[in-house]
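For reference, the structure is listed below as structure tokens.
Any read-out appearing in this document is the output of simple, stated calculations on the displayed coordinates, not a laboratory observation. All of these numbers come straight from a predicted model, not from anything done at the bench. Neighbour counts run over all protein chains shown; Cβ positions are idealised from the backbone, glycine included.
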Amino acid sequence: MKFLIISGLSGAGKSKAAGILEDMDFYCVDNMPVVLIPKFAELCLATRGRYERVALVTDIRGRESFDELFKALDEMYEMGCDYNILFIEASVDTIVRRYKETRRRHPLETDGGDLEGAIRREKNLLSAVRERADYIIDTTEFQISRLQNELFRLFVGNKDERSIDVNVISFGFKYGIPTNADLVFDVRFLPNPFYISELASKSGLEGPVRDYVFSHAQTREFMKRLEDMIEFLLPFYIEEGKYSLVIAIGCTGGHHRSVAIAEELGSFITGKGYHVETGHRDIEK
């Protein structure tokens, strides 16, 4: 079991970092009182593997001495807990701008007090924590995707090894577009097996319907262009920080054409090494 202690300047992005780590399968607790950290670590150890990676955010909000934090970390070490400290910071000007945008009050800012002065006091108070940090991330120039990539590189693996979960679903336009879709493709322009008497009662999961749909040149050309586009896009979605992508393929009823195309696309993406789930929302309607 590994523990990650996240600390740093207010407004630098600690909570965002915790949210990203949570998506990476860390169990995260924000603003945990320092005095409770050893007890919490003890409880996690007692679960015998239920929590493999735990991230705890602790900062100036707790109003506790950071000598207490170091004491708590020493207790964890004596318990055999492996931990690292991640310190997140940003320039004073950047933090001032972020606080003005959110209109929130800095934890050390008193009524009528100076925001910049509060940030500088916090930097001074946290200097000892920063010195003991194993990792320091400056988010001054960071967009959220860059923070995701940096955290992945540090705590999961090289960002180039990142992948994305792809969900390919078929649907019928007559029942509405899936609200969770990232990409929507309309295949109602393809020849419709519904008007072939021996195919009308079958679905796109069955060979005769699939063979009919792909017997037409426009289907094969569309499929090639669609596969090329998805193969091109997926690395950029990963770089941008997406962990999942929903691709919706729609025809009139969601029974024939969209099902056959979704199955074909799902197989193609799987063949490129991505994790894919294929589903058919309206096939039974």
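Across q = 0.19, 0.22 Å⁻¹, segment 165-280 modelled as identical point scatterers on its alpha-carbon atoms has Debye log10 I(q)/I(0) values of -0.96, -1.24, in the order of the q list. Just the Cα atoms of segment 2-158, one point each, no solvent: what log10 I(q)/I(0) does Debye give at q = 0.10, 0.18 Å⁻¹? Listed by q, the Debye log ratios stand at -0.36, -1.11.
In what order do 233, 226 fall by count of nearby beta-carbon atoms within 10 Å, going from fewest to most? Working shown, then result.
Numbers: 233 14, 226 19.
Arranged by neighbour count, lowest to highest, 233, 226 become 233, 226.
Distances between placed amide hydrogens fall under 5 Å for residue 5 paired with 56, 84, 85, 86, all partners being 5 or more residues away or on another chain. Among 262, 274, 229, whose Cα sits farthest toward the positive end of the charge dipole of segment 165-280 (+1 at Cβ of Lys/Arg, -1 at Cβ of Asp/Glu, about the Cα centre)? Comparing the listed Cα positions along the dipole, 262 ranks first. With the biggest extent put first, the Cα atoms of the chain measure 79, 46, 32 Å across the principal axes. Estimated purely from DSSP H runs of n ≥ 4, each contributing -39500 (n - 2.57), the mean residue ellipticity at 222 nm for the chain is -13000 deg cm²/dmol once divided by its residues. On a straight-distance basis, which lysines could pair with residue 242 in a cross-link, Cα separation under 22 angstrom, same-chain partners fewer than 8 positions away excluded? Result set, ordered by chain and number: 14, 16, 159, 272.
Size of the dipole of the chain about the Cα centre, Lys and Arg at +1 and Asp and Glu at -1 on the beta carbon, nothing else charged, in debye to 20? Kindly include the intermediate steps, with their values, before the conclusion.
Working: 37 positive and 46 negative charges, 124 e Å.
Taking the Cα centre of the chain as origin, the dipole is about 600 debye.
Do any GluC sites (Glu not before Pro) in segment 162-263 lie in a DSSP loop with no more than 10 other beta carbon atoms within 10 Å, and if so, which?
Details: sites: 198, 206, 221, 227, 231, 239, 240, 263; in loops: 198, 206.
Those that pass, being in a loop and sparsely packed, are 198.
Here segment 66-134 and segment 202-270 have alpha carbon centers that stand 48 Å from each other.
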